[in-house]
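Enquirer: The structure follows.
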Amino acid sequence: MAAKRDLCYLSIIVARSVQRVAIQESPLADIGEGSLNRNHGEHKDRMDNRKPDHEGGPHTGVILDSIADGVFTVDRERNVTSFNRAAEAITGVSRKQAIGQKCSVVFRADICQSNCPLCKTMEGGREWINLRVNILSHKGKPIPISISTAALRNRNGEIVGGVETFRDLSDVEILRNEVRGRYTFASIVSKNHEMRQIIDVLPDIAASDSTVLIEGPSGSGKELLARAIHDLSLRRKGKMVCVNCGALPDTLLESELFGYMAGAFTDAKKNKLGRFALAQGGTLFLDEIGDVSAALQVKLLRVLEEKEFEPLGATAPVKANARIVSATNRNLSDLVARGVFREDLYYRLKVVRIALPPLSRRREDIPLLADHFIARFAALKGKPIERIDDEALAILMRHDFAGNIRELANIIEYAFVLCRGNSIELRHLPQDLLEKTLPVPAVPEVSCAKNPLQEAEYRAITEALRRHNGNRRKTASDLGINKTTLWRKMKKLGITFP
């Protein structure tokens, strides 16, 4: 008798496996979409009575309610037609309240109105797996969940509704925040021992009012560290004013730092405050201090020694009340030894000296930083990307990062442009990064000269290996050959790939 019944299968994603549950003689199993909608009122009445058999199937209700993940189904109009016990527990919405409501009303997710995955599934049949979204509980509390969707079809293959499973990620988020908090201090993300030593003394450095010199390569986070010092200091209520000393010519830099009075030069129509004046009571960050000319070094030295400065065209000095934090990507001690930088100014600037390591010396931070930038760009760009897969991360771990943290941020932002799913993959990384990072075996000269066909085959295999980071299975699939055939050809052509 069961063979005569129409069956509709729910695709339920649980712990990365797909289970198929037969729904027998229920509105979900009716032949047409019209039947699904016609029976909706009767279905709601039965659900309101909370019968355990879920409208006819003797075991369906038990199966759905035994699943730890929330499960609900909708018709083509997105009206909720079933709602399991876990869905009640996660959302705080009872089955009686949910049945018959629009799913967007029940869940109030951040993507309900503009980018609903379940709608896209019912429109085109595309299934979503483990997509991270936020919903609101019945009390308005945000709840992070991961969702998976599938289309419900009748026996003719027509889509008559949709099913969505969802898992509460609240505990995962708490754990993630604990881990992130353990390695994050004042917006600085690191578990590297050199960085942790800096972070440990940062509150003490900030509490003092001494000058600080931050040395490190470009893109290593010098301004971020300066910002942390300011935010932790007693001057945090004042402004932090930044000046890039290497970006301005000497004459313009002087007026920018000290300001000028009306009539000081031809175009000076009115008084202008300089950066020292704007930073009164706060912090003045002098970036690329190693590029300052000898003449301006003398004036900066006076400010540090006398705690006063003179705007251009002024007849009296002005008291300076700003803490000086400077930074450079050059070795100032070498510049002092060569007579390029004043020794007395150097010692005035480096009462406290902090040396930031390049990213190549703190590779254990790359996964943390990648996650940090993924979270940042996901919020800025509104994309549901939440992770980077192992192959793509392996490439980042092998890269030299001449541009340091700034380069890593640019790579993640580039991947956000191309990635349409929830995970950054190898194909989303910049091509020049892959070419630099993935080794490309040289083609033997003898093969080029004697057998052009073998040379072409050699290049095709090595390029496929490079594209797939040396993964033999994916390479063989890409080339349309068996993995054993690939191994034999590699041995024949003398191809070695790590």
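Any read-out appearing in this document is the output of simple, stated calculations on the displayed coordinates, not a laboratory observation. For clarity, every value in this text was computed on a predicted model and none was experimentally measured. Reconstructed Cβ throughout: ideal geometry from the backbone, glycine too, with neighbour counts over all protein chains shown.
Enquirer: At a Förster distance of 30 Å, what's the computed FRET efficiency of Arg387 paired with Glu435, Cβ-Cβ distance as r, to 0.05?
Expert: For R0 = 30 Å, the calculated efficiency reads 0.80.
Enquirer: What is the sum of charges around Asp69, taking Lys and Arg as +1, Asp and Glu as -1, for the other residues whose C-beta is under 9 Å from the C-beta of Asp69?
Expert: Local net charge: 0.
Enquirer: Determine the gain in length on full extension of the stretch Gln113-Arg330; use 0.36 nm per residue of separation and subtract their C-alpha separation, reporting nm with one decimal.
Expert: 73.0 nm
Enquirer: Over 31 Å between Cα atoms, which of Lys383/Lys483; Lys222/Lys319; Lys222/Lys307 qualify?
Expert: Lys383/Lys483
Enquirer: Under the Karplus relation 6.51 cos²θ - 1.76 cosθ + 1.60, θ = phi - 60°, what is the ordered set of whole-Hz ³J(HN,Hα) values for the range 343-349, x standing for Gly and Pro?
Expert: Listing the rounded values in order: 5, 5, 5, 4, 6, 5, 6 Hz.
Enquirer: Considering only the other residues whose Cβ falls under 12 Å of the Cβ of Leu234, what net charge follows from Lys and Arg at +1 and Asp and Glu at -1? Write down the numbers at each step before the final one.
Expert: Numbers: positive: Arg235, Arg236, Lys237, Arg323; negative: Asp209, Asp231.
Once positives and negatives cancel, what remains is +2.
Enquirer: Karplus couplings for the range 240-254 from phi (6.51 cos²θ - 1.76 cosθ + 1.60, θ = phi - 60°), rounded to Hz, Gly and Pro as x?
Expert: 9, 9, 10, 9, 8, 5, x, 9, 10, x, 4, 5, 5, 5, 4
Enquirer: Also, quick follow-up: Roughly speaking, what is the stretch gain from Ile174 to Asp209, that is 0.36 nm per residue apart minus the C-alpha to C-alpha distance, in nm to one decimal?
Expert: Here the answer is 8.9 nm.
Enquirer: For a label point 7 Å from the Cα of Asn134 along Cα→C-beta, name the residues of the range 78-121 whose backbone N is under 11 Å from it.
Expert: Correct set: 110-111.
Enquirer: I want to check the label-to-label distance for Leu248 and Arg472. Put each point 7 Å from Cα in the C-beta direction and report it in nm to one decimal.
Expert: 6.2 nm
Enquirer: Return the long-range amide H neighbours of Arg353 (sequence gap of 5 or more, or a different chain), with a cut-off of under 5 Å between placed amide H atoms.
Expert: For Arg353, whose amide H was placed from the backbone, the distant partners under 5 Å are Leu213.
Enquirer: Okay, next question. Please give, to one decimal in nm, the separation of the simple spin-label points placed at Ala394 and Ser94, each 7 Å out from Cα toward the Cβ.
Expert: Between Ala394 and Ser94, the label points sit 5.3 nm apart.
Enquirer: What nm distance separates the two modelled labels at Ala337 and Ala295, each placed 7 Å from Cα along Cα→Cβ?
Expert: A separation of 3.0 nm, rounded to one decimal place.
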